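S.K.: Sharing a structure here in structure tokens format.
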Amino acid sequence: MERIGFIIFRFTLGQNFFKKYNMKFARRILVLLLLHQGHIGGGQRYEYINNDYIWNQNDDVDRNDWSKLETEDLRFNKFYFPRYVLPPKGFKPLKKNDYPISGFVNETLRTSNAYSVITPDDYEVVYNLPRLIDAVGGLPSQPEANVNAEFWDLLRHVIEVQEIRETRPFTRLFPRPDLWKDADLNQVADYVHNEYPGTNQSLLLADILEEKYGEVIVDLNSVPYRTDSMFLRKDFMLASINTWAMSIVGPYNFAAKWYVGRARPEEVVWAIKTRRISKGVPYDIQRKVDNLDISNPREFTAYKEDGCPRHPSWPAMHAASTSMSFWMSIVLEINDEQLCQARLMDYGISYARTVAGVHYEDDNIAGMNMAQEVLARALPKYLKERYNADPKAVARKIYRNRFDWRTFDPNDPCPFLRNR
């Protein structure tokens with residue numbers, strides 16, 4: 001009875017709010033209140049610890065019907081609701097047809113603890129999202145009931161990398177920037193875990209500005225001359241562009257995530273281990289997953305306490321946040337050593353998330369390419385407005401310095417050093 005009375009009270013409060021305040025905002029409030037309906041007599045149990053949501057896995061299984069989940073339907077579902085916002089029974093699991101998110105799914109997700117739920121019509125998403133996705137190679141693969149599907153090769157790689165990280169952490173698995181040269185794989189995974197945005201890039205920028213890799217020369221065609229000694233248009237400029245690049249790319253990256261809804265590796269691994277899916281899963285992957293000593297999805301990753309973030313896998317945001325080798329090539333007369341270190345940092349930040357078990361390899365490649373696509377469109381205007389650059393000169397240099405990360409060879413990361 002107390003629960004019924006609470007629902008009636010909240011509904012009445014919502015009705016009064018609707019009459020008094022802005023219609024659109026009031027409608028959002030009503031969505032929160034109406035989500036209580038259908039949950040009388042049961043529901044998921046949550047508690048707050050350190051302002052986070054603790055999920056009772058058994059409740060999720062009991063309340064939502066995972067038994068009818070087909071392999072092709074598996075999509076991102078790592079989000080939870082506070083106890084005062086319970087979604088309709090059966091809202092989860094979100095499936096193939098729920099992405100791209102829109103309508104009720106979109107509104108409901110925004111009341112959960114999912115990160116940055118953004119759709120293509122968001123005011124910060126100025127460029128056409130489907131065209132950006134096409135520009136980075138199109139939509140990614142998804143789980144299929146076909147043992148030869150491309151997706152399984154990507155998952156297989158993540159599983160193998162986790163085995164290497166846990167049993168042979170000093171393996172030189174990928175090329176690294178000098179800043180990471182002595183780190184083992186667990187340290188590398190930690191470098192890209194809940195760090196302040198741009199930390200790793202800033203550390204490399206500090207080394208570059210100390211001229212460890214040669215003299216830093218601003219390209220006066222991209223950033224016009226002001227004084228002989230450039231400080232605001234060198235040190236400050238590089239720090240500023242590093243932050244700006246992340247902020248301008250972020251909304252596109254998250255809009256693409258919620259457009260595609262790709263499940264995280266830990267979600268797929270757990271679905272296999274718990275037999276939520278089995279049809280079409282290659283035998284060797286099923287066997288490896290069965291042998292994993294994990295009691296929850298998070299333990300598959302390097303981040304045992306929190307696992308992957310609460311937003312879809314593709315494209316990777318860490319990858320999209322690091323585009324140093326691109327924009328530095330535009331504003332500087334960059335030398336080969338500087339370019340090599342910047343490219344190694346870009347790749348290192350991206351691949352380290354696969355080392356941690358939270359991303360597939362192509363998440364990273366798409367993230368880096370999407371960052372480049374967005375910046376290629378935005379840089380001419382930005383440099384014009386901020387530094388009085390010639391947009392046409394900037395556009396010409398962008399054209400000359402584009403790099404497709406799908407062609408990157410980890411075994412030969414800086415071929416221009418070899419060929420000089």
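S.K.: Taking the stated definitions as given, is V374 open to solvent by less than 10 Å² (accessible area, probe 1.4 Å), in a loop (DSSP other than H, G, I, E, B) and within 23 Å of V260 (Cα to Cα)?
M.R.: So V374 does not fit the description; no.
S.K.: A further question on this structure: Given R396, R386, which one is more than 29 Å from the chain's Cα centre (by Cα), part of a helix (DSSP H, G or I) and surrounded by 12 or more Cβ atoms within 10 Å (Cβ to Cβ)?
M.R.: R396
S.K.: Here's a follow-up. Starting from residues that are among the aromatic types (F, W, Y) and surrounded by fewer than 16 Cβ atoms within 10 Å (Cβ to Cβ), keep the ones in region 199-247 and report whichever is nearest to the chain's Cα centre (by Cα).
M.R.: F236
S.K.: Is there a residue in region 311-326 that is within 16 Å of V161 (Cβ to Cβ) and among the β-branched types (V, I, T)?
M.R.: No, because not a single residue in region 311-326 is within 16 Å of V161 (Cβ to Cβ) and among the β-branched types (V, I, T).
S.K.: Restricting attention to region 188-233, and to residues there that are among the acidic types (D, E) and not in a helix (DSSP H, G or I), which single residue is farthest from R400 (Cα to Cα)?
M.R.: E195
Yes/no matrix, rows are residues, columns are (1) open to solvent by 20 Å² or more (accessible area, probe 1.4 Å); (2) touching a residue at least 12 places away in the same chain (Cβ under 8 Å):
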| site | (1), (2) |
| --- | --- |
| P87 | no, yes |
| S112 | no, yes |
| N128 | yes, no |
| G137 | yes, yes |
| H157 | yes, yes |
| Q162 | no, yes |
| R165 | no, yes |
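S.K.: Report the residue count in region 95-133 for those that are β-branched (V, I, T), part of a loop (DSSP other than H, G, I, E, B) and closer than 27 Å to Y84 by Cα.
M.R.: Residues in region 95-133 being β-branched (V, I, T), part of a loop (DSSP other than H, G, I, E, B) and closer than 27 Å to Y84 by Cα: 5 in total.
S.K.: Any idea how many residues of region 303-333 are surrounded by 23 or more Cβ atoms within 10 Å (Cβ to Cβ) and over 30 Å from I241 (Cβ atoms)?
M.R.: Selection size over region 303-333: 1.
The values are calculated or read from the model by the stated rules, or taken from the named source; none is laboratory data. Keep in mind that this is a model prediction, so the values were computed, not measured. We place every Cβ from the backbone using ideal geometry, glycine too, and count neighbours over all the protein chains shown. Ligands, DNA and RNA are stripped out before the accessible areas are found, and what is left, the full protein with its side chains, is counted by its heavy atoms. Shrake-Rupley method; radii C 1.70, N 1.55, O 1.52, S 1.80 Å.
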